[in-house]
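The values are calculated or read from the model by the stated rules, or taken from the named source; none is laboratory data. What you see is a predicted model, and the numbers here were worked out from it, not measured in a lab. Don't worry about glycine lacking a Cβ; one is built from the backbone with ideal geometry, like all the others, and counts go over all protein chains shown. Ligands, DNA and RNA are excluded from the accessible area calculation, which covers all protein heavy atoms including side chains. Shrake-Rupley method; radii C 1.70, N 1.55, O 1.52, S 1.80 Å.
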Amino acid sequence: MTIPEFQAHKQTGKKLVVVTAYDALFAKIVEQAGIEVILVGDSLGVLVQGEKNTLSVTMRDMRYHTRLVAKATEGALIIADMPFLSYQASNEEAIRNAGRLLRAGATAVKMEGGGPIVERVQAVTQMGIPVMGHLGMTPQSVNQFGGYKVQGKSPHQAETLLAEAKALEQTGACSLVLEAIPLDVARTITQTVAIPTIGIGAGPHCDGQVLVLYDLLGLFDEFVPKFVKPYAHLKTDALQALRQYKEDVEGLAFPSDKESYH
Ligand code: KIV
């Protein structure tokens with residue numbers, strides 16, 4: 001999928017389906033399922049690296065995982081997260097680091113926040129690099145929020161979100177992720193901007209939805225936000241399989257003649 005094809009969904013009304021992936025194996029499975037947009041999220045800091053939040057993820061990490069996903073896929077649109085401190089300090093750093101993610105195989109990058117980040121988005125898009133904005137509960141600002149809390153609940157916060165969405169659209173963002181905000185705020189933003197909104201905990205009115213792959217598959221159960229719907233229970237299946245394997249080896253049931261060479 002190309003960026004213009006992705007954006008055309010806003011007009012057709014067909015919902016956009018986005019999911020995260022961090023490695024070749026899962027990226028292939030996602031594509032085989034017919035999902036055409038993959039986000040290489042910095043959520044990999046928590047899910048792959050076992051950190052408490054996304055703040056320690058580096059450009060090196062993001063380039064590595066973007067390369068793994070890009071190499072494994074055939075036509076999916078790959079969007080790579082710009083990690084914490086890779087774009088905040090200056091337009092120059094933002095442009096250079098966004099370019100590095102494109103060289104690793106991404107087609108677009110994602111940056112969190114409004115306010116001063118709007119200028120970064122403009123600088124990067126002016127260089128021909130598509131940028132997805134990210135508003136609401138932006139995980140790189142978790143310390144400022146005092147935890148992973150729903151944003152945009154007060155009328156003032158909702159107005160700020162709407163103003164930021166408009167500013168990001170005007171500066172050339174190709175799309176917006178709206179995370180953990182009330183559904184009526186997400187609906188107003190979606191109806192106001194001409195670029196597609198992709199919701200995660202932002203209700204059904206967005207132009208598309210994104211979920212973290214390991215949440216969707218029921219692999220990660222340490223913290224399951226209200227907005228997650230597990231479509232499978234792979235952690236339970238994995239535990240069952242591993243316990244059975246252990247029992248079989250210890251009980252001399254594996255390997256049997258079937259799994260042996262003659
Ligand atoms: O890092 C990530 O996976 C994300 C999604 C939750 C939108 O930014």
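Okay, which of region 25-69 sit inside 13 Å, backbone N to the point 7 Å along the Cα-Cβ direction of residue 142?
From region 25-69, the list is 42-57.
How much accessible area per residue does the chain have, in Å², with a 1.4 Å probe? Write down the numbers at each step before the final one.
Numbers: 13580 Å² over 262 residues.
About 52 Å² of surface per residue is accessible.
Quickly rank 165-178, 131-144 as a protection proxy: mean count of other C-beta atoms within 10 Å, highest first. Display every interim value, and only then the final one.
Details: 165-178: 22.9, 131-144: 21.4.
Highest mean packing first, the order is 165-178, 131-144.
Taking the alpha-carbon distance from residue 14 and a cut-off under 15 Å, which aspartates and glutamates remain once sequence neighbours fewer than 8 residues away in the same chain are dropped?
Result set, ordered by chain and number: 5, 36, 207.
On a C-alpha basis, how far is the centre of region 125-143 from the centre of region 1-78 in Å? Whole number, if you could?
Cα centroid to Cα centroid, the span is 15 Å.
Which of 225, 130, 116 moves the most in a Gaussian network model of the chain with Cα springs under 10 Å?
Evaluated over the chain, the most mobile residue of the options is 116.
From the phi angles alone, apply the Karplus equation (6.51, -1.76, 1.60; θ = phi - 60°) to region 133-142 and give each ³J(HN,Hα) in whole Hz, x where the residue is Gly or Pro.
x, 8, 10, x, 7, 8, x, 5, 9, 4
Specify the angular offset, from 0 to 90 degrees and rounded to the nearest 10, of the alpha carbon long axis of helix 183-192 from the longest principal axis of the alpha carbons in the chain.
Value to nearest ten degrees: 60.
Pairing the Cα long axis of helix 3-12 with the longest principal axis of the chain, what angle in degrees results, from 0 to 90 and rounded to the nearest 10?
80 degrees
Check which residues have an amide H placed less than 5 Å from residue 40's amide H, if you skip close sequence neighbours.
Amide H neighbours of residue 40, under 5 Å, 5+ apart: 21, 79, 80, 81.
Would you please give the FRET efficiency between residue 15 and residue 232, computed as 1/(1 + (r/R0)^6) with r the Cβ-Cβ distance and R0 = 22 Å, to the nearest 0.05?
0.60
Give me the percent of accessible area attributable to carbon and sulfur for the chain, probe 1.4 angstrom.
Values: 7460 of 13580 Å².
Whole-percent figure for carbon plus sulfur exposure: 55.
Label point 7 Å out from residue 96 along Cα-to-Cβ: which residues of region 113-138 have amide N under 16 Å?
124
Take the chain, connect every pair of alpha-carbon atoms lying under 10 Å apart with a spring to form a Gaussian network, then pick out the residue of 243, 100, 120 with the largest mean-square fluctuation.
For the chain, modelled as a Gaussian network with Cα springs under 10 Å, the answer is 243.
If the reach is capped at under 28 angstrom between alpha carbons, list the lysines near residue 246, excluding any in the same chain fewer than eight residues apart.
Here the lysines satisfying the reach criterion relative to residue 246 are 235, 258.
Quick one: what Rg and Dmax do you get for the chain from the alpha carbons, in Å?
19.8, 74
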